[in-house]
Amino acid sequence: MSRGEILALEWCNVDFENQCIHIKQNLARGKDRRLYLDYPKTRHSKRTISLDLETMKYLDQWRSLQRQEMLKLGFNTLSNKNQLVFANQNNSFIQLSKPRTWMLQNVKKNNLREITVHGFRHTHATLLLEAGVAPKVISERLGHASIQITLDLYSHVTEKMETEVPNVFAKVMRE
């Protein structure tokens with residue numbers, strides 16, 4: 001998901017029964033830097049992303065914690081059908097720059113190599129390609145209009161991919 005898609009995500013679009021998230025909107029900045037919900041960037045950006053059971057478990061834990069914390073602040077998130085998954089202390093939109101701030105704090109605290117928030121999309125696409133997931137599946141997962149966008153912009157040849165090429169080619173030649 002893009003940063004705007006994550007920050008626009010509402011609990012009504014997290015489907016615990018079918019283990020997926022429905023991307024239906026994007027957080028955008030308008031006049032006077034006002035944040036608002038907008039349609040996804042393209043028609044392909046509106047999509048469903050399947051998730052693993054462990055990630056769904058973390059989301060469910062976050063939902064419970066958020067309910068408790070927001071109740072302390074005077075917000076009943078159970079009565080808000082459009083409750084944001086990630087909201088600020090006013091139960092409103094988090095600034096688009098905030099995920100980068102959080103990440104930089106964690107990078108520094110844990111002595112990690114810096115990566116951009118958007119870099120996680122690149123990493124996700126590359127690891128899926130390396131694992132043998134079909135480019136079309138990855139393209140749709142990222143909300144791209146074509147496989148070419150995914151392959152040109154989001155996939156990177158990893159060392160593992162490169163070292164496997166001779167073995168794959170040899171296997172093809174033997175068959």
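The values are calculated or read from the model by the stated rules, or taken from the named source; none is laboratory data. The structure presented is a predicted model; accordingly, all values stated were derived computationally and were not measured. Reconstructed Cβ throughout: ideal geometry from the backbone, glycine too, with neighbour counts over all protein chains shown.
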_Tell me whether the stretch 151-161 contains one or more residues that are among the polar types (S, T, N, Q) and part of a helix (DSSP H, G or I)._
no
*Among residues belonging to the stretch 23-66 that are under 17 Å from the mean Cα position of the chain (by Cα), assigned to a helix (DSSP H, G or I) and without any contact (Cβ under 8 Å) to a residue 24 or more places away in the chain, point out the one that is surrounded by the most Cβ atoms within 10 Å (Cβ to Cβ).*
W62
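To keep it simple, each residue is scored yes or no on (1) under 24 Å from I23 (Cβ atoms); (2) part of a loop (DSSP other than H, G, I, E, B); (3) basic (K, R); (4) not assigned by TED's automatic domain parsing to the domain that holds G4.
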| site | (1), (2), (3), (4) |
| --- | --- |
| T126 | yes, no, no, yes |
| L129 | yes, no, no, yes |
| K136 | yes, no, yes, yes |
| V172 | no, no, no, yes |
*Quickly run through the stretch 26-82 and pick out the residues that are β-branched (V, I, T) and touching a strand residue (DSSP E or B) at 6+ places or on another chain (Cβ under 6 Å).*
T48, I49
_Selection within the stretch 87-113 - within 15 Å of E10 (Cα to Cα) and crowded, with 16+ Cβ neighbours inside 10 Å_ = A87, N91, F93, I94
_Return the pair list, or none, for Cβ contacts closer than 9 Å from residues in the stretch 80-102 that are on the phi > 0 side of the Ramachandran plot to residues that are of a type in the set (F, W, Y), at least 6 apart or on different chains._
N91/F75
*Filter the stretch 138-155 for residues that are of a type outside the set (S, T, Y) and surrounded by 13 or more Cβ atoms within 10 Å (Cβ to Cβ) and give the result.*
I138, E140, R141, L142, G143, H144, A145, I147, I149, L151, L153
_Hey, V85 hydrophobic (A, V, I, L, M, F, W, C), in contact with a strand residue (DSSP E or B) (Cβ under 7 Å, 6 or more places away or on another chain) and outside the structural domain of V157 (by TED's automatic domain parsing) or not_ = yes
_Selection count, the stretch 43-76, where residues are of a type in the set (K, R), farther than 19 Å from F93 by Cβ and either in contact with a helix residue (DSSP H, G or I) (Cβ under 7 Å, 6 or more places away or on another chain) or not assigned by TED's automatic domain parsing to the domain that holds W11 (or both)_ = 1
*Which numbered condition trips up E140, out of (1) without any contact (Cβ under 8 Å) to a residue 60 or more places away in the chain; (2) under 28 Å from R100 (Cα atoms); (3) of a type in the set (D, E)?*
(1)
*asked:* Going residue by residue through the stretch 149-168, is there one that turns out to be under 30 Å from P40 (Cβ atoms) and of a type in the set (G, A, S)?
replied: yes
